[in-house]
1. Have a look at R50, R82 and point out the one that is closer than 26 Å to R235 by Cβ, of a type in the set (D, E, K, R) and open to solvent by 20 Å² or more (accessible area, probe 1.4 Å).
2. Which of the residues that make up segment 179-207 are open to solvent by 30 Å² or more (accessible area, probe 1.4 Å) and assigned to a helix (DSSP H, G or I)?
3. Restricting attention to segment 110-134, report how many residues are open to solvent by less than 20 Å² (accessible area, probe 1.4 Å), of a type in the set (A, V, I, L, M, F, W, C), in contact with a helix residue (DSSP H, G or I) (Cβ under 8 Å, 6 or more places away or on another chain) and under 18 Å from V52 (Cβ atoms).
4. Being within 16 Å of the chain's Cα centre (by Cα) and not small (G, A, S) is the filter here, so list the residues in segment 123-164 that pass it.
5. When the residues of segment 55-79 are filtered to those that are of a type in the set (S, T, N, Q) and farther than 21 Å from V181 by Cβ, which remaining residue is surrounded by the fewest Cβ atoms within 10 Å (Cβ to Cβ)?
6. Going by what's in this entry, would A212 be described as in contact (Cβ under 8 Å) with a residue 12 or more places away in the chain and over 30 Å from V107 (Cα atoms)?
7. Report, by residue number, each residue of segment 191-235 that is over 29 Å from the mean Cα position of the chain (by Cα) and β-branched (V, I, T).
8. Since I92 meets every condition but one in (1) surrounded by fewer than 21 Cβ atoms within 10 Å (Cβ to Cβ); (2) closer than 21 Å to H152 by Cβ, which condition does it not meet?
Amino acid sequence: MALLSKEQLEELKQFDAPTVCNAIEFFNIRPRTAGFMNAGMTQRTCKSQRMVGYAVTAKVSALHPGGVAELDQLMAYYAAAREMYDPTIAVIQDVDSYPIGSFWGEVQATVHQSLGVVGTITQGGVRDLEPVDKMGFSFFSTHLLVSHGYTHVVESGCSVEVCGLTVQPGNLLFADCHGVVEIPHEIAPRLAEACRRAEEAELPMLEPCRTAIRDGYKPNDKELHEWRLAMIQKRQGFEKSF
């Protein structure tokens, strides 16, 4: 697995998640219906920011007390977070039948930030949005919750499923207001260039339409067909180059 440098990771943050998805398509390594989280994952804090990093994983529960091993399990999870490549994203699966207690709040966000974690993606709840937003720690979640219940770590360093996406420890993830995308390691070093090409491929459609909007002109069917075909051909040309 080739890790990206801090500079390469920052370069990816120039683009949004839809562009990342479009760029991954150039490599033809997975179906266009795979590799991203389903609807329901919502960015709760740092809403103007994009997040990219390597996953540390855990499963949590809050319905019942965790038992005598609760603290040991939490410490094992913290150790995994500490050892993961920076920047790190905590990907948490809530295993309760319905989320009732939030693992995430100001305390956990602060602890995780000290360990090199930049945010969380959880199929569960978060709380303390205002102080966490001020910290610059990113919360992505399916729920907002008021209580922490009996929240505890059930398992860490494991495969988790969050909003239909299976995430393994060390997976490279990209997240913004649109959702969450998993970036295959084998294409990660070339993805920023592919993103630039993905944006460029849309210009044959965008530029004449923007001109038409500016001039108050409604394009006819022939023009729209030609522009659309030119965009498709440009995309296909870039696809062959990757």
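The values are calculated or read from the model by the stated rules, or taken from the named source; none is laboratory data. Values in this document were obtained by computation on a predicted structure and should not be read as measured data. Using ideal geometry, Cβ is built from the backbone for each residue, glycine included, and neighbour counts are taken over all protein chains shown. Ligands, DNA and RNA are stripped out before the accessible areas are found, and what is left, the full protein with its side chains, is counted by its heavy atoms. Shrake-Rupley method; radii C 1.70, N 1.55, O 1.52, S 1.80 Å.
1. R50
2. Residues satisfying the conditions are P189, R190, E193, R196, R197, E199, E200, L203, P204, M205, L206, E207.
3. 1
4. Q123, F137, F139, F140, T142, V160, E161, V162, C163
5. Of everything passing the filter in segment 55-79, Q73 is surrounded by the fewest Cβ atoms within 10 Å (Cβ to Cβ).
6. Values: in contact (Cβ under 8 Å) with a residue 12 or more places away in the chain: no; over 30 Å from V107 (Cα atoms): yes.
So A212 fails the test.
7. The answer is T211, I213.
8. Condition not satisfied by I92: (1).
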